[in-house]
Structure formats: C-alpha cells, structure tokens
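Colleague: Sharing a structure here in structure tokens format.
The values are calculated or read from the model by the stated rules, or taken from the named source; none is laboratory data. These figures come from a predicted structure and were not determined experimentally. With ideal geometry, Cβ positions are generated from the backbone for all residues, glycine too; neighbour counts draw on all protein chains shown.
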Amino acid sequence: MQFHRSTIAALAATVVLTLFTADGSGANAEPSEIPQTVATASVLTDETVPEIAAVEFVSEEVVQPVAEADEAIEAHGARSLRELVAEIDTPSTLSREMECLAGAIYFESRGEPLEGQLAVGQVVVNRADSQAFPSDYCGVVFQKAQFSFVRGGTMPRINRSSTAWKRAKAIARIAHEGLWDSKAGDALYFHANYVRPSWSRTKIARATIDTHIFYR
C-alpha cells in the first residue's frame, strides 16, 4: 500500500510537471494574429518632386515662420539688402520650386539692382499665394504667355558658375522666406518702363524700380 501511494505520487508529479511545461513556454505558441510591420519614411528629394501639373508647393525644408524672419536677419547682422545677399547661405543644388523662382529672377532681372531683382521674386511669390494664379512657383513661371524668357515651356540654359546666378539664388531665398521687405509690396504684375501694355491701365502701380514698373 505504501508502494502504491508512492507510485501514485510520482505519477501525479509527472503529470503536473508536464502541464506546467506546456503552459509556461512560449516557444511553441501559435504566431500572433497581429502582423508586425516596418514603417517606412517617405523622403521627398529633388529627384522625386512631382511634375508641375501635380505639384503643390511645400516648403517644409526652408520656410521659416514669420516670427522667425527678423531673428534670421538679426543673426546675419545685415543692415542692408546687399549685406543680406552677401551673407545668406544658398545650396549648390536647389529644389525644383526654388529653381523656378531663382530662374525667373535670373532671366527677368539679373541686370537690375538688388531691389529690382527682389521685386521680381516677390511678384512670383505673390502670385503663388494668390487665388488667381497657380499655387506653386513653377506653375506661376511656366504659365502660358506670362514670362517672355520661357520658350516652348522650358527655361533657357543658366550659367550656373556666374555671380548673377549665385545672387539670384540668394534673392530667391530672401523672397521665399520673407527675410526682407520688397518695395513691390503686394504687386502681381510688372513690365519694362519702355513699353505700355494695355492691361496696365486697369492696374494700380506699386513701385518703379530701375527699368520695371510693378502693379497690383
């Protein structure tokens, strides 16, 4: 009888150990029903910017809130537009949108004083902000029959090693980020002072800078 009890106790211990091992181990558990996924970040680069017809101008990389614009100028210590242009950093390669803005400044006003170049850039920025024009810089610049330097929907070749191009890039950033007030203000149109297009009679002149007259 004592042997029988011992045998029963041993068998009971074996059963308990077996049950504990089965419930306590996760090695043989069924796979989770919740799939494990790896999040992939989408990075927007110059090469992946959509075509003009589809692009919506997004400026997360370089745009500063208005409240920070004065701080940026103060950080540069610029007392004039010329000083700001000389001190501001510009990348060697621009995004497609900034390339369009700088290109308009370069071709329309590279022979103008800095105020005149900034005014041209300001018109492009103002148009992109207006409901009456495309909402991105490239759309504004390549809009049909708006800028005379655009031929067949393309921009002429830019001399990228020139001082004029480096200056145009700096002016583009200043206009884009609102780092300096332009005399053109809220102007949406401009023309050379040696012509008088019929549409100018219906617009309000904002400024005359060198050879260009700017209108709202």
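Colleague: Inspect all residues belonging to segment 108-128 and state whether any of them is more than 24 Å from residue 210 (Cα to Cα) and out of contact with any strand residue (DSSP E or B) (no Cβ under 9 Å at 6 or more places or on another chain). Outline the logic, then answer.
Modeller: Applying the first criterion (more than 24 Å from residue 210 (Cα to Cα)) to segment 108-128 yields 128.
Remaining after also requiring out of contact with any strand residue (DSSP E or B) (no Cβ under 9 Å at 6 or more places or on another chain): 128.
Checked against the condition, which is being more than 24 Å from residue 210 (Cα to Cα) and out of contact with any strand residue (DSSP E or B) (no Cβ under 9 Å at 6 or more places or on another chain), segment 108-128 yields at least one hit.
Colleague: Would you say residue 75 is modelled with pLDDT under 95, of a type in the set (A, V, I, L, M, F, W, C) and not in a loop (DSSP other than H, G, I, E, B)? Even if it seems obvious, please write down each step before you answer.
Modeller: Numbers: modelled with pLDDT under 95: yes; of a type in the set (A, V, I, L, M, F, W, C): yes; not in a loop (DSSP other than H, G, I, E, B): yes.
Yes: the conditions hold for residue 75.
Colleague: Select from segment 136-146 the residues that are of a type in the set (A, V, I, L, M, F, W, C) and over 15 Å from residue 122 (Cα atoms) and write down the one among them that is modelled with the highest pLDDT. Even if it seems obvious, please write down each step before you answer.
Modeller: As a first pass, look at segment 136-146 and keep what is of a type in the set (A, V, I, L, M, F, W, C): 138, 140-142, 145.
From what's left, over 15 Å from residue 122 (Cα atoms): 142, 145.
Working: 142: 98, 145: 93.
Among those residues, the one meeting the criterion is 142.
Colleague: Does at least one position in segment 145-158 carry a residue that is touching an Asp or Glu at 6+ places or on another chain (Cβ under 8 Å), closer than 23 Å to residue 81 by Cα and not charged (D, E, K, R)?
Modeller: no
Colleague: Identify, from the list 105, 52, the residue that is among the hydrophobic types (A, V, I, L, M, F, W, C), surrounded by 13 or more Cβ atoms within 10 Å (Cβ to Cβ) and modelled with pLDDT under 95. Show your work before the answer.
Modeller: Working: 105 fails: modelled with pLDDT under 95.
Unique residue meeting the criteria: 52.
Each row is one residue, and each column tells you yes or no for (1) in a loop (DSSP other than H, G, I, E, B); (2) farther than 14 Å from residue 174 by Cα; (3) touching a residue at least 24 places away in the same chain (Cβ under 8 Å).
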| residue | (1), (2), (3) |
| --- | --- |
| 121 | no, no, yes |
| 124 | no, no, yes |
| 135 | yes, yes, yes |
| 139 | no, yes, yes |
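Colleague: Name the residue, out of 198, 161, that is closer than 17 Å to residue 86 by Cα and either touching a strand residue (DSSP E or B) at 6+ places or on another chain (Cβ under 6 Å) or free of Cβ contacts under 8 Å to residues at least 24 places away in the same chain (or both). Spell out the reasoning first.
Modeller: Details: 198 fails: closer than 17 Å to residue 86 by Cα.
Selected residue: 161, the only one of 198, 161 that is closer than 17 Å to residue 86 by Cα and either touching a strand residue (DSSP E or B) at 6+ places or on another chain (Cβ under 6 Å) or free of Cβ contacts under 8 Å to residues at least 24 places away in the same chain (or both).
Colleague: Same structure again: Give segment 128-178 a look and list any residue that's among the charged types (D, E, K, R), more than 24 Å from residue 113 (Cα to Cα) and more than 16 Å from the chain's Cα centre (by Cα), or say none.
Modeller: Within segment 128-178, the first condition is being among the charged types (D, E, K, R), and the residues that meet it are 129, 136, 144, 151, 157, 160, 166-167, 169, 173, 177.
Still in the list and also more than 24 Å from residue 113 (Cα to Cα): 129, 136, 144, 151.
Result: 144, 151.
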